[in-house]
Every structure is written in C-alpha cells, then in structure tokens.
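Visitor: Mind having a look at this structure? Questions to follow.
The values are calculated or read from the model by the stated rules, or taken from the named source; none is laboratory data. Quick caveat, the model's predicted, so the values are computed rather than measured. Please note: Cβ atoms are built from the backbone with ideal geometry, for glycine as well, and neighbour counts cover all protein chains shown.
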Amino acid sequence: MSTVAEPAYRQRIAYHATLLGGFATLAATLLLLGNLSTRAPIEKRLAEDMLASLSQVIPPGVHDNNLLDDVMIFSDKAEDALKVYQAKKGNSVTAVAFGITAQGYAGDIKMVLGIGRDGNILGVRVLTHAETPGLGDRIEVKKSDWILGFNGLSLNNTPASHWHVKKDGGRFDQFSGATITPRGVVKAIKEGLDFFTANKSVLLNAAQTETKEAE
Amino acid sequence: MKVKYSRILLDGLWHNNIVFGQMLALCPLLAVTSTATNGLGMGLASTAVLLASGLSVSLFRGLITAEVRIPVFVLIIATIVTLVDMGMNAWMHELYKVLGLFIPLIVTNCAILGRAESFASRHSPLPSMLDGLMMGLGFTFALVLLGAVREMLGSGTLFANASLLLGDGFSFMEMELLSGYKGFLLVVLPPGGFLVLGFLLAGKRLLEARLKQRKQQVIRKDLLIENPATT
C-alpha cells in the first residue's frame with residue numbers, strides 16, 4: 001500500500017497464508033479469552049435478570065422461597081423442556097411462573113408469565129424481543145403499560161373468544177402501526193393459560209421439584 | 001506522510017461525513033433512527049468500534065499485504081465488535097440491555113471497513129485513532145439528526161427514553177413537543193427514513209452551494225477593491 005517496493009518474501013503465497021492464519025489464531029484466542037472471562041459474569045447477570053423478572057410477575061407477598069431454587073423441568077411430548085418456577089409459601093405452591101414465546105413481527109418474543117393458584121394472571125413481562133423500536137416495543141413495561149392490562153385475567157373471567165386484539169374481535173388494544181406484535185403476545189399468553197389449566201395438578205404439586213442447593 | 005489534524009477533524013464531521021458525504025452505513029442508519037435516543041446509542045457504540053479498529057489496523061499495517069487485507073480487516077473488526085458485545089453484557093449490563101440490540105449491527109457497518117481500508121492502513125496510530133473518533137462523531141451527529149427529525153415528525157417527541165440510555169440524570173432531555181400529536185407513521189417506518197435522509201442531503205447540498213457562492217462573491221469583491229480598473 002505504500003509506494004516503497006515490498007520485500008520479495010511478502011509476495012509469496014506462504015506469507016499470505018501465514019498472515020491470515022496468524023490473525024485468525026489471534027482473533028480466536030482473544031475471543032476465547034473474552035468468552036472465558038465474561039461467561040461467569042454474564043450468567044450471573046442473566047440469573048439476576050431472571051430473578052428480577054420473576055419477582056415482577058410473582059408479587060413478594062405470595063412466596064417465602066427463593067424463586068430460582070424451586071425449578072421444575074416440565075418436558076412435554078413435543079415441546080422442549082420447559083422450566084417452571086414455583087412460588088411456595090410454607091409447603092404449598094401459591095403460584096407458578098414460566099417462560100412463553102410469542103411470534104412477533106421480527107422473530108421470537110420471549111416473555112415470562114406468572115399465574116396464581118386460582119388461575120389468574122399475576123403478571124406478564126417481556127424479556128427479549130426484536131420488534132420495531134417505537135412501534136412494537138410498546139409491549140415493554142418501560143415503554144407503555146399495555147402489558148399490565150393482562151393482570152388479573154384468567155380463562156374463567158375472560159372467555160376464549162375475547163383473547164384477541166380488537167381488530168380481530170377481541171378485547172385487547174393493538175398499537176397503531178403494529179398489530180402483529182400484540183396479536184402474537186395475546187396468543188402466547190392464552191396458550192400459557194391453556195397449558196396451566198391442562199397441567200394444573202402437576203404444576204401445583206410441591207413435591208415435584210427437588211429443591212436445589214443455593215449456590 | 002504529513003498529516004493535517006484539522007483536516008481529519010473537518011473531514012470526519014462534515015466534508016467526508018460517513019452518511020452525508022460518503023453515503024455509507026445506510027443499513028444500520030435506517031434501522032435504528034426511529035428515535036434520536038436510539039441514534040445516539042448506535043452512534044456512540046460505532047464510535048468506540050471505529051476508534052479501536054483504527055488503532056489496531058494502523059498498528060498492524062506494516063505486516064498486512066494488499067492481497068489479504070480485506071479478510072484481515074474484517075477479522076479484526078468482527079473480533080472487536082464481539083469483544084465489545086461480550087464485555088458490555090458482562091460489566092455494563094444495564095447499558096447493554098438498551099444498546100445490545102444495536103451492537104451486532106455494527107458489523108454490518110461498511111463504513112468501519114471503509115475507514116480501515118482508506119485511512120488506518122496508510123497512517124500511523126495517532127491520526128488513525130483521531131480519524132476513527134471524528135468519523136464516529138460525524139456518524140453520531142448524522143444518526144441523532146436523522147433520528148430527531150424522524151422522531152419529531154413521526155411521534156411528536158424528542159429524545160424519548162433518553163434516561164434509559166444515559167441514566168436518570170438525563171431525563172430533562174426527554175421532550176414532548178406536541179401533546180396529543182397522533183404521529184405520522186410513514187416517517188417512523190424505513191421508507192420514511194429514506195425520505196428524510198433525502199431531504200437532509202438536499203439541505204446539505206443547498207447549504208454548501210450557498211457557502212460556495214458567498215465565498216466567490218467575497219473573492220470578487222476583493223478583486224474589485226484591489227484593481228477596480230479591470231471591471
């Protein structure tokens with residue numbers, strides 16, 4: 001790249017190959033070191049995030065256990081293993097929380113859903129999504145209180161035909177310019193409630209989880 | 001090669017601005033500038049990567065041959081972006097939750113490869129870092145400007161959610177310019193980004209044409225004063 005003539009060895013294929021290989025090795029080493037040094041902190045942050053979002057969907061009053069400790073691995077026939085977090089008071093399960101996934105406008109929307117023993121929604125929060133900023137991201141509690149509208153609803157007090165956005169004849173608001181996002185969220189929450197109803201006896205059984213040792 | 005620092009500064013911020021001058025990086029530009037705050041976050045993250053890639057490319061420029069430079073530059077940039085991504089996730093988690101979405105997008109920013117190729121590979125580390133910084137700030141300026149115009153027209157606010165990005169101390173930046181404004185959806189969507197960018201570019205050309213005209217008038221006046229006989 002400079003105007004000075006390059007030394008002859010730099011014209012050889014071997015030099016180019018070594019250079020490329022050297023940089024690839026250097027990059028791989030740096031990434032490996034980076035990964036090793038950040039893996040533990042990232043896992044810790046993610047666990048903190050998980051606990052923070054769990055405590056948003058399960059009020060502190062209904063449990064006296066550490067929510068991260070009582071985890072039940074629920075494996076259904078077709079689905080992947082689902083982690084269900086049980087909230088316990090004394091020895092009985094008062095509420096459960098589990099992750100649900102909605103199909104949004106731009107990929108999966110991961111959410112956590114908390115359901116009380118009576119089948120009422122205690123809370124729903126979006127964990128990650130890739131929806132359009134300014135449009136679909138109003139499902140986040142930071143941007144709008146839309147998601148709080150699900151609190152207290154259940155399959156008993158809200159008939160199945162109402163579990164749609166208003167555009168589709170249901171009772172939930174869509175956002176101007178973004179219908180696909182709330183439609184997916186409503187559908188996923190409805191499915192979460194269906195799952196809870198179908199597996200109520202197992203989910204609310206305190207003996208199902210072996211309490212993990214606190215780390 | 002002799003380097004004029006003032007020239008690097010002006011080139012990065014205005015004359016050769018990544019967006020308004022080189023017309024690069026339009027993909028992340030249109031994707032994130034629906035609000036001014038998003039633009040600011042993306043701009044600052046890109047600036048950090050430009051600075052680091054400018055330094056590393058410049059340090060290794062004696063080793064790298066012309067034949068394999070592109071894969072090596074791409075490797076360096078991708079490594080830096082990934083390290084920034086992991087480091088922010090681990091140690092600046094709150095900021096990562098806001099910016100995390102944008103960081104992988106930086107790899108798609110051809111402007112960073114462009115600066116590595118056209119500047120950092122030919123200059124020593126200090127000018128290369130300054131170039132990275134100035135190009136990054138110029139890019140941030142373009143992102144914030146485009147984001148601000150789109151946000152004002154599209155949703156009637158300015159710097160909404162700035163406190164999420166910069167901390168609670170900056171909540172004074174959040175403004176609602178027109179209360180009860182219904183919003184103009186087209187401007188928020190990607191086609192609106194193209195339209196607004198077009199108008200901004202036209203505005204820049206107009207401004208430059210005016211400045212040039214004025215300069216010529218001044219020169220003509222000077223000539224008149226010096227030798228009035230020639231006219």
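Visitor: Check whether at least one residue in segment B:119-128 is without any contact (Cβ under 8 Å) to a residue 12 or more places away in the chain and outside any loop (DSSP other than H, G, I, E, B), and report yes or no.
Guide: yes
Visitor: Can you give me the number of residues within segment A:68-113 that are touching an Asp or Glu at 6+ places or on another chain (Cβ under 7 Å), in a loop (DSSP other than H, G, I, E, B) and free of Cβ contacts under 8 Å to residues at least 40 places away in the same chain?
Guide: The total comes to 1.
Visitor: Against the definition (within 14 Å of another protein chain (Cβ to nearest Cβ) and touching a Phe, Trp or Tyr at 6+ places or on another chain (Cβ under 9 Å)), how does B:Gly21 come out, yes or no?
Guide: So B:Gly21 fails the test.
Visitor: Out of curiosity, is B:Ala48 out of contact with any His (no Cβ under 8 Å at 6 or more places or on another chain) and within 14 Å of chain A (Cβ to nearest Cβ)?
Guide: Judged against the criteria, B:Ala48 is not a match.
Visitor: Just to be sure, is A:Ala40 facing chain B (nearest Cβ under 10 Å), of a type in the set (A, V, I, L, M, F, W, C) and farther than 29 Å from B:Tyr96 by Cα?
Guide: no
Visitor: Conditions first: (1) in contact with a Phe, Trp or Tyr (Cβ under 9 Å, 6 or more places away or on another chain); (2) among the hydroxyl-bearing types (Ser, Thr, Tyr); (3) in contact (Cβ under 8 Å) with a residue 12 or more places away in the chain. B:Thr65 passes all but one, so which condition is the exception?
Guide: Among (1) in contact with a Phe, Trp or Tyr (Cβ under 9 Å, 6 or more places away or on another chain); (2) among the hydroxyl-bearing types (Ser, Thr, Tyr); (3) in contact (Cβ under 8 Å) with a residue 12 or more places away in the chain, B:Thr65 violates only (3).
Visitor: Only one residue in A:Gly169, A:Gly119, A:Gly107, A:Gly152 is of a type outside the set (A, V, I, L, M) and under 29 Å from B:Pro190 (Cβ atoms), so which one is that? Working first, answer last.
Guide: Numbers: A:Gly169 fails: under 29 Å from B:Pro190 (Cβ atoms); A:Gly119 fails: under 29 Å from B:Pro190 (Cβ atoms); A:Gly152 fails: under 29 Å from B:Pro190 (Cβ atoms).
Sole residue among the options that is of a type outside the set (A, V, I, L, M) and under 29 Å from B:Pro190 (Cβ atoms): A:Gly107.
Visitor: Can you tell me which residue within segment A:145-181, out of those that are surrounded by 14 or more Cβ atoms within 10 Å (Cβ to Cβ), small (Gly, Ala, Ser) and assigned to a loop (DSSP other than H, G, I, E, B), is modelled with the highest pLDDT?
Guide: Out of the qualifying residues, it is A:Ser154.
Visitor: Does segment B:31-39 contain at least one residue that is of a type in the set (A, V, I, L, M), within 13 Å of chain A (Cβ to nearest Cβ) and touching an Asp or Glu at 6+ places or on another chain (Cβ under 7 Å)?
Guide: yes
Visitor: Could you grab me the full set of residues in segment A:50-67 that are surrounded by fewer than 16 Cβ atoms within 10 Å (Cβ to Cβ) and not in a helix (DSSP H, G or I)?
Guide: If the condition is that a residue be surrounded by fewer than 16 Cβ atoms within 10 Å (Cβ to Cβ) and not in a helix (DSSP H, G or I), then A:Pro59, A:Asp64, A:Asn66 are the ones that fit.
Visitor: Next question. Quick one: is B:Ile76 touching a Ser or Thr at 6+ places or on another chain (Cβ under 9 Å), more than 9 Å from chain A (Cβ to nearest Cβ) and either of a type in the set (Val, Ile, Thr) or in a loop (DSSP other than H, G, I, E, B) (or both)?
Guide: Considered against the rule, which asks whether it is touching a Ser or Thr at 6+ places or on another chain (Cβ under 9 Å), more than 9 Å from chain A (Cβ to nearest Cβ) and either of a type in the set (Val, Ile, Thr) or in a loop (DSSP other than H, G, I, E, B) (or both), B:Ile76 comes out as no.
Visitor: How do the pairs read when you match residues in segment B:208-224 that are at positive phi with residues anywhere that are surrounded by 10 or more Cβ atoms within 10 Å (Cβ to Cβ) and not in a helix (DSSP H, G or I), using Cβ under 9 Å and keeping only pairs 6 or more apart or on different chains?
Guide: Going by the 9 Å Cβ cut-off, there are no qualifying pairs.
Visitor: Among the residues of segment B:12-19, is there at least one that is of a type in the set (Phe, Trp, Tyr) and buried (at least 17 other Cβ atoms within 10 Å of the Cβ)?
Guide: no
Visitor: Could you list, in sequence order, the residues of segment A:114-140 that are assigned to a loop (DSSP other than H, G, I, E, B) and within 12 Å of another protein chain (Cβ to nearest Cβ)?
Guide: Of segment A:114-140, the ones assigned to a loop (DSSP other than H, G, I, E, B) are A:117-120, A:129-135, A:140.
Answer for segment A:114-140, where residues must be assigned to a loop (DSSP other than H, G, I, E, B) and within 12 Å of another protein chain (Cβ to nearest Cβ): A:His129, A:Ala130, A:Glu131, A:Thr132, A:Pro133, A:Gly134, A:Leu135, A:Glu140.
Visitor: Tell me, please, whether a residue that is part of a helix (DSSP H, G or I) and in contact with a Gly (Cβ under 7 Å, 6 or more places away or on another chain) can be found in segment B:105-113.
Guide: No; the residues of segment B:105-113 include none that is part of a helix (DSSP H, G or I) and in contact with a Gly (Cβ under 7 Å, 6 or more places away or on another chain).
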